Amino acid sequence: MLENALPVEYGERLCRHGDLDRYLIELFGDAYRAYREKWALTCSDKVQEQDNPLPLHVSLELADRCNLRCVFCYRHLSEQTNAAMDAGMFREIMQEIRRLGIPAMDFSLGEPLVHPQAGELIRLAGESGVLDFILTTNGLLLDDAMVDACLDSLTRIHISVDAVTPETYKKLRGGDLLRLERNIHNFLDRREKRGMKHPLVRLSFIVMDSNRHEIGAFVEKWQHLVDYIDFQTYISHDFVDGLADIVAPDPSALRCPDPFRYLSIRADGGLYPCCTFYSKHLLLDKFRSGLSLESVWNSPRMTALRQSFRDKAPCKACLNCLLGATQQG
Ligand SMILES: C[S@@+](CC[C@H](N)C(=O)[O-])C[C@H]1O[C@@H](n2cnc3c(N)ncnc32)[C@H](O)[C@@H]1O
Ligand code: SF4
Ligand code: SF4
């Protein structure tokens with residue numbers, strides 16, 4: 001019965017609090033509501049008539065490194081820089097985020113917790129004044145000190161799990177599921193002991209042929225313990241290095257909200273319009289002392305990228321991203 005009712009498409013969400021945005025607004029107030037309203041606009045055609053003067057969200061890669069080697073991850077497909085973000089550069093980026101009043105930030109590329117100063121950087125970021133600060137992690141390095149840094153600083157933590165049995169987890173992610181589950185319980189316990197409702201805890205599950213049969217047990221195990229569960233579609237990165245010549249059957253239907261709301265900064269300081277793997281073809285600039293994120297946001301390259309979507313003529317990398325990649329694994 002449960003099996004039939006389960007969500008399996010990208011974006012399907014099980015939230016224990018009903019509507020997630022409503023709950024976040026309840027927790028974080030009117031400023032958060034205003035930011036989410038602007039965010040929602042970036043998903044409509046309306047915002048594309050006029051650019052946001054600043055990004056709404058900055059995504060940072062603390063370390064282009066990882067303690068796992070998940071079979072489905074883009075990291076195996078090309079050389080990585082192995083960079084860990086310089087703490088001085090990180091501080092300057094935080095000052096910029098505070099100065100500009102950017103409302104949201106995440107650490108979501110690579111494995112953020114392998115950065116040698118991860119706890120300290122999470123705490124610094126927590127003081128940057130953002131309304132929404134999300135960490136996406138495989139969760140295996142969440143020891144007590146890291147949990148406390150997270151509890152002091154984040155609004156949400158996204159923990160990627162993808163399995164309910166140690167065997168499937170091992171096969172997909174190569175790690176120890178029991179250790180991860182202990183870490184998740186410990187996070188929830190420590191949050192409970194502080195009497196806090198946040199950081200909200202999200203678990204994610206990429207739906208693939210190899211783990212689809214575990215969806216029911218996963219939901220039963222976690223739905224009443226964590227704040228929400230997101231099911232994600234497996235994205236194939238097979239063609240990312242050799243971009244295909246794609247002719248869009250209906251270019252007027254092609255849209256991407258990211259260039260209208262997002263900036264991504266990699267561990268080596270590279271600035272990009274999104275955090276997909278295809279963005280490596282869309283380098284905007286390199287972060288350096290004194291560089292304003294506002295100027296990157298309004299740079300000719302970024303403006304041209306936004307215009308390409310208004311003109312219904314996305315570039316080759318975007319066409320590959322929008323039409324070439326998604327398939328079920
Ligand atoms: C690239 S990881 C980086 C953060 C962290 N290392 C982790 O695993 O959560 C960010 C998210 O992308 C997801 N992801 C990785 N490869 C994917 C793929 N091929 N298709 C869909 N999602 C993927 C991960 O499950 C994770 O939730
Ligand atoms: S833990 Fe995250 S970054 Fe590392 S290989 Fe897995 S999905 Fe990729
Ligand atoms: S590569 Fe282009 S289409 Fe894909 S998310 Fe980035 S900006 Fe959007």
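The values are calculated or read from the model by the stated rules, or taken from the named source; none is laboratory data. Values in this document were obtained by computation on a predicted structure and should not be read as measured data. Cβ placement follows ideal geometry from the backbone for every residue including glycine, while neighbour counts extend to all protein chains displayed. Each accessible area value is taken on the protein alone, full model and side chains, heavy atoms only, with ligands, DNA and RNA left out. Shrake-Rupley method; radii C 1.70, N 1.55, O 1.52, S 1.80 Å.
Quick one: if the Förster radius is 30 Å, what FRET efficiency do S236 and E192 give, using the C-beta to C-beta distance and rounding to 0.05?
Details: r = 39 Å, r/R0 = 1.31.
Calculated transfer efficiency: 0.15.
Once you sort the root eigenvalues of the Cα gyration tensor of the stretch 214-329 as a ≥ b ≥ c, which label holds: rounded (a/c under 1.5), prolate (a/b larger than b/c) or oblate (the other case)? Don't jump to the answer; show the numbers that get you there.
Details: a/c = 2.14, a/b = 1.38, b/c = 1.55.
Oblate, because a/c is 1.5 or more while a/b does not exceed b/c.
Using Cβ-Cβ distances only, list the Cys residues of the chain with no partner cysteine under 4.7 Å, sorted by number.
C15, C43, C66, C150, C256, C274, C275, C315, C318, C321
Which shape class, rounded, prolate or oblate, goes with the chain when its Cα gyration tensor gives a ≥ b ≥ c as root eigenvalues, a/c under 1.5 marks rounded, and past that a/b bigger than b/c marks prolate?
Working: a/c = 1.42, a/b = 1.18, b/c = 1.20.
Rounded.
Mind checking which of I157, I25, I97 has the largest fluctuation in a GNM of the chain, springs on alpha carbons under 10 Å?
Comparing I157, I25, I97 in the GNM, the peak value goes to I25.
What residues have an amide H closer than 5 Å to that of S59, excluding those fewer than 5 places away on the same chain, when H is modeled at 1.01 Å from N in the peptide plane?
Counting only residues 5 or more places away or on other chains, the set is D106, L263, S264, I265.
Describe numerically, in nm with one decimal, the distance between label points set 7 Å from Cα along Cα→Cβ at A313 and at E79.
Between A313 and E79, the simple spin-label model gives 3.5 nm.
To the nearest 10 square angstrom, how much accessible area does E26 have with a 1.4 angstrom probe?
For E26, solvent-accessible area is about 120 Å².
Pull out a ≥ b ≥ c, the square roots of the eigenvalues of the alpha-carbon gyration tensor of the stretch 133-238, then state rounded if a/c is under 1.5, prolate if not and a/b is larger than b/c, and oblate in the remaining case.
On the way: a/c = 1.78, a/b = 1.75, b/c = 1.02.
Note, shape of the stretch 133-238 comes out prolate.
Write down the accessible area per residue of the chain in Å², having rolled a 1.4 Å probe over the full set of protein chains. Provide the component values of the computation, followed by the final result.
Numbers: 14770 Å² over 329 residues.
Roughly 45 Å² per residue, with all protein chains present.
In a GNM of the chain with a 10 Å cut-off on Cα contacts, which of S308, S59, S160 has the highest mean-square fluctuation?
Ranking S308, S59, S160 by mean-square fluctuation puts S308 first.
If Lys and Arg each add +1 and Asp and Glu each add -1, what is the summed charge of the other residues whose beta carbon sits under 11 Å from the beta carbon of D106?
Values: positive: R156; negative: E61, D132.
Residues close to D106 contribute a combined charge of -1.
From the cross-link list K170/K221; K171/K221; K38/K197, which pairs have alpha carbons spaced over 23 Å apart? Working shown, then result.
Numbers: K170/K221 18 Å; K171/K221 20 Å; K38/K197 25 Å.
Over 23 Å apart, Cα to Cα: K38/K197.
Given a 1.4 angstrom probe, I'd like the percentage of the accessible area of the stretch 45-112 that is carbon and sulfur, rounded to a whole number.
Working: 1400 of 3050 Å².
For the stretch 45-112, the apolar C and S fraction of the accessible surface comes to 46 percent.
Have a look at L100, L60, L135 and tell me which one the Gaussian network model of the chain (Cα, springs below 10 Å) gives the largest fluctuation.
L100
Which whole-number percent is the relative contact order of the stretch 99-256 (Cα, under 8 Å, 6+ apart)?
On the way: 199 pairs, mean separation 29.6, N = 158.
With pairs under 8 Å counted, the relative contact order is 19 percent.
Taking the DSSP beta bridges in the chain as the whole, what percent of them are antiparallel, to the nearest 5?
Working: 10 of 37 bridges.
Around 25 percent of the beta bridges assigned by DSSP in the chain are antiparallel ones.
Round to the nearest 0.05 the FRET efficiency obtained for L291 and A31 when R0 = 30 Å and r is the Cβ-Cβ distance.
Details: r = 27 Å, r/R0 = 0.90.
For R0 = 30 Å, the calculated efficiency reads 0.65.
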